[in-house]
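One structure is given below, encoded as structure tokens.
The values are calculated or read from the model by the stated rules, or taken from the named source; none is laboratory data. Just so it is clear, the structure is predicted and the values come from calculations on it, not from any experiment. Note that we place each Cβ from the backbone using ideal geometry, even for glycine, and neighbour counts take in every protein chain shown. Ligands, DNA and RNA are stripped out before the accessible areas are found, and what is left, the full protein with its side chains, is counted by its heavy atoms. Shrake-Rupley method; radii C 1.70, N 1.55, O 1.52, S 1.80 Å.
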Amino acid sequence: MWLQRTITLAPKPRGFHLIDDELISSIPELKNINIGLMHLLIKHTSASLTLNENADPTVRHDLERHFNHTVVEAAAFYRHTDEGDDDMPAHIKSSIIGVSHTIPITNGALNLGVWQGIYLCEHRNYGGSRQVVITVNGE
Amino acid sequence: MWLQRTITLAPKPRGFHLIDDELISSIPELKNINIGLMHLLIKHTSASLTLNENADPTVRHDLERHFNHTVVEAAAFYRHTDEGDDDMPAHIKSSIIGVSHTIPITNGALNLGVWQGIYLCEHRNYGGSRQVVITVNGE
Amino acid sequence: MWLQRTITLAPKPRGFHLIDDELISSIPELKNINIGLMHLLIKHTSASLTLNENADPTVRHDLERHFNHTVVEAAAFYRHTDEGDDDMPAHIKSSIIGVSHTIPITNGALNLGVWQGIYLCEHRNYGGSRQVVITVNGE
């Protein structure tokens, strides 16, 4: 069984945001899959997707601070500067964290660790809505 | 053909460890697959998986040192500090390196480069055993 | 439908290079797939693959400069130094950026964002030709 759907995530402020509910509610067919995989691609180059701790919001804060600290705005060597100081760092963070993920499906649900959540990492100050292609394959 | 299995990796000290043998020995059915993919998810937020050089142990040492150097313990801006100085850096490294991988299967074996091995990256001082969901799809 | 092919990318100078055309032209069967996934693995430990901005070449320049800035050559703690100053940084960058990617296929074509291109990230000064295993699964 194959299923593919493109969803639009509501605009979010710069930072790390749990999107499990937005994703899962858009694929009610998950419950019919015994073994499978769900693939996600965010169709942008200044945002990313990751899995990380889903309980304590300070983790999301610290992730944002870490990446701002190591991928600086207005580095002297940047040439891609026309779209604002937050733009080139957003591209870099996108390649570090990654724009796609694959998650196992087991007995009709995503098979994540108990502390794992799916994050949208919004690297722009005003990124707007973001599109994610969801592709599910399973039996 | 679909196959899914959750394995528990023996506890390992902080650092980068080759786990090819632990993984492959748990999936004897690999030899029956002509073309396919093997997906791995580590169900934790303070460890990660990567592919890297499988021959010279100094590479593993230098990877550990690099990530300790760039993702520091006890950064002044960390708020998620209750679980020890090695905890928040472990979450950050987990999102940089990644918690899942997909590897091609060809003629009954993983199709990796001759120098590529699969690493468990243990980012905690005492991470304990780690669970990996293995999902195989192929023909 | 499964399809798997190993291609050899022409040698490229150190830096970030768009390879969409080299990849897509090697899989003419893409046009027959309605829904599916294309998986890529680069079979090396000193190069990587990423998705990023496909229009302005300054983005590629700034990515190369960023990673050279944060993953330095000849760090005092490196022990893996026999193959040149560019070797250990190449291994590190490979684990940060990643060696595999999965891209959705929709209506006979890769379903990427309008600004997304596929990059070979060549981290060695003289990396030579690079092999990529392409695995396609779809219907």
If Lys and Arg each add +1 and Asp and Glu each add -1, what is the summed charge of the other residues whose beta carbon sits under 12 Å from the beta carbon of A:GLN4?
-1
Residue with peak Gaussian network fluctuation, chain B [Cα springs, cutoff 10 Å], from B:SER94, B:SER25, B:SER46:
B:SER25
Give the total of Lys-Lys pairs in the protein assembly as shown with Cα-Cα distances below 25 Å; include a pair only if its members are 8 or more places apart or on different chains.
24
Find how many whole Å separate the alpha carbon centroid of segment B:100-127 from the alpha carbon centroid of segment A:56-132.
24 Å
Any chance you could tell me what percent of the C-alpha pair distances in segment A:2-138 go past 19 Å?
51 percent
Ellipsoid equivalent to the protein assembly as shown - semi-axes via the Cα gyration tensor, in Å:
28, 24, 24
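Can you compute the helix-only [θ] at 222 nm over the protein assembly as shown? Use -39500 (n - 2.57) per DSSP H run of at least 4 residues, normalise by all residues, nearest 500 deg cm²/dmol.
Numbers: 9 runs with 90 residues, N = 417.
Mean residue ellipticity, 222 nm, calculated: -6500 deg cm²/dmol.
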State, to one decimal in nm and shortest first, how far the label point of A:THR8 sits from each corresponding label point in the other identical copies (label point: 7 angstrom along Cα-to-Cβ).
4.7, 4.7
Nm distances between the label at A:GLU73 and the same-position labels in the remaining copies, 7 Å along Cα→Cβ, shortest first?
3.2, 3.2
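Please give the total accessible area that chains B and C bury against each other, computed with a 1.4 Å probe and expressed in Å² to the nearest 100. Could the numbers behind the result be given before it?
Details: alone 7610 and 7590 Å², together 12630 Å².
Using a 1.4 Å probe, the pair buries roughly 2600 Å².
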Given the options A:GLU83, A:GLU122, A:GLU22, state which has the largest fluctuation in a GNM of chain A using a 10 Å cut-off (strictly under) for Cα springs.
A:GLU83
Nearest 10 degrees, 0 to 90: what angle lies between the long axis of helix B:57-70 and the longest principal axis of chain B (Cα atoms)?
40 degrees
Of the residues A:PHE77, A:PHE67, A:PHE16, which exhibits the maximal mean-square fluctuation in a Gaussian network model of chain A defined by a 10 Å Cα contact cut-off?
A:PHE77
